[in-house]
1. Could you state the number of Å between the C-alpha centres of the range 171-201 and the range 50-101?
2. Once the Cβ-Cβ distance between residue 280 and residue 195 is put in as r, and R0 is 56 Å, what FRET efficiency do you end up with, to the nearest 0.05?
3. Between residue 168 and residue 224, what is 0.36 nm times their sequence separation minus the Cα-Cα distance? Round to one decimal in nm.
4. Using C-alpha positions alone, give me the convex hull volume of the range 257-351 per residue in cubic angstrom.
5. Can you tell me the order of 311-317, 292-298 when each peptide is scored by its average per-residue count of other Cβ atoms within 10 angstrom, highest first?
6. Ranked highest first by average number of other Cβ atoms within 10 Å, how do 129-138, 99-108 line up?
7. Give the shape of the range 130-219 as rounded, prolate or oblate, defined through the alpha-carbon gyration tensor: a ≥ b ≥ c are the square roots of its eigenvalues, a/c under 1.5 means rounded, and otherwise the shape is prolate if a/b is larger than b/c and oblate if not.
8. Past the 32 Å Cα-Cα mark, which pairs from 93/312; 96/123; 123/261; 93/123; 120/261?
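We did not get these values from a lab; they are worked out from the coordinates using the rules stated. This one's a predicted model, so the numbers in the text were calculated from it and none came from an experiment. Because the Cβ atoms are built from the backbone with ideal geometry, glycine has one as well, and the counts that use them run over all protein chains shown.
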Amino acid sequence: MSLPENPPPQISQSSTDSKNIPMRSLLICANLRHLRFALFFSLFYSLLAAAADIPLLRIEGEPAADPFSPAWLKQAPVAVALYPQVSVPPAAKTGKSSVKVRAQRGATTLALHLEWADRKPAKQRRIGAFADAAAVQWPQRPQAELPFIGMGHRGAPVTLWFWRADGTAELLAAEGFGTLTKQSDAGVLARGKWKNGLWRVVLSRAVEPSPESWPVAFALWNGEGGERGGVKRLSAWQTLRFGGPGTTGKAMLPGNAARGKRLMSERGCAACHSYPGNPTQPTQLTIGPDLTYAGGLHAPAYLEESLREPSKIVLPCRSCFVEQNGQRISIMPPFEGSEKDRTDLLSYLRSLR
Ligand code: HEC
């Protein structure tokens with residue numbers, strides 16, 4: 001699958017074309033058994049995740065470039081929750097918000113329509129002033145393990161379609177916090193318009209025929225509020241899906257979240273992490289990341305992995321890791337305890353949203 005990484009390709013509906021790349025990804029997985037395990041895990045958990053399904057509407061011709069076009073506005077949007085980035089300093093200081101998303105697939109392009117409330121637009125960048133911006137994030141290998149939501153992680157890169165209110169439209173790639181690079185092949189078209197307290201933005205790119213579904217995530221920056229770079233609001237991974245109405249897969253969470261919360265204190269998590277009602281609330285971002293929105297932002301498989309293998313994805317916060325032989329080792333001890341304790345802790349973490 002090459003939606004985000006390839007240059008605007010020739011569109012062909014032949015089945016060999018669309019099967020080529022997934023086959024390659026599957027072969028990679030076959031070589032690395034743990035990846036296959038990770039794939040199973042993320043698929044299994046993505047069924048339970050509370051992320052929204054965004055239906056992708058197939059249309060004749062191409063999606064409208066004008067974000068206020070009735071061709072867009074008559075389509076029902078899906079509301080996606082956004083959380084302030086608080087994992088790594090500097091943290092965003094806003095609360096929860098949301099963005100409305102519509103998606104269309106034309107003959108050659110895929111387009112996403114984002115809509116959000118903003119009382120006052122910030123269109124220009126000057127010294128000390130920032131412009132409003134939005135990004136759509138894709139895993140470069142959607143068949144493999146889901147990348148870390150904050151710009152991917154080593155071995156799991158992401159591609160971003162970036163729009164900024166000063167007229168910028170860019171294709172970016174990243175493989176973890178602080179690794180953002182501009183791609184030479186632009187190919188992203190983006191157009192935004194602000195009216196009556198609403199931003200509406202269309203981002204589009206030529207893509208090859210699509211598989212059934214893609215993971216996708218969103219980020220917004222409010223320039224007026226000083227948001228830029230890592231100071232942003234972001235969503236969890238969502239699923240862009242062909243056909244069918246949007247559904248929100250809220251399933252029963254296994255485990256006992258109330259008991260999980262008590263375990264946070266008993267098992268020492270409370271000493272390093274802040275979360276609502278933590279009796280020992282450490283100063284924000286001094287030891288471990290703030291977990292206030294952990295369940296809203298992170299895929300359940302990622303939370304599970306954070307407990308099992310904290311050093312697999314290490315956040316670049318100052319006090320989060322020590323260097324050993326050039327490797328970053330998380331200061332968080334791997335969780336060792338009963339299966340019940342683990343399930344209850346995860347149940348509590350997932351309820352944080
Ligand atoms: C000694 C301090 C410490 C303790 C104790 C600790 N953690 Fe952590 N935790 C961290 C640090 C530092 C990170 C970030 C580095 C990393 O990715 O491992 C982290 C990362 C996490 C993450 C991923 C958060 C994100 O935003 O990516 C979760 C979830 C988590 N911890 C949960 C727990 C739970 C549950 C416990 C108790 C069983 C616990 N932690 C105990 C320090 C700690």
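1. 13
2. On the way: r = 48 Å, r/R0 = 0.85.
My answer for the efficiency is 0.75.
3. Values: separation 56, 0.36 × 56 = 20.16 nm, distance 1.74 nm.
Taking 0.36 nm per residue and subtracting the Cα distance, the gain is 18.4 nm.
4. 92
5. Values: 311-317: 17.6, 292-298: 22.9.
The peptides rank, most packed first, as 292-298, 311-317.
6. Values: 129-138: 22.8, 99-108: 20.2.
For the peptides 129-138, 99-108, the packing ranking is 129-138, 99-108.
7. On the way: a/c = 1.85, a/b = 1.53, b/c = 1.21.
The shape class here is prolate.
8. Values: 93/312 28 Å; 96/123 23 Å; 123/261 43 Å; 93/123 21 Å; 120/261 40 Å.
Checking Cα-Cα distances, 123/261; 120/261 exceed 32 Å.
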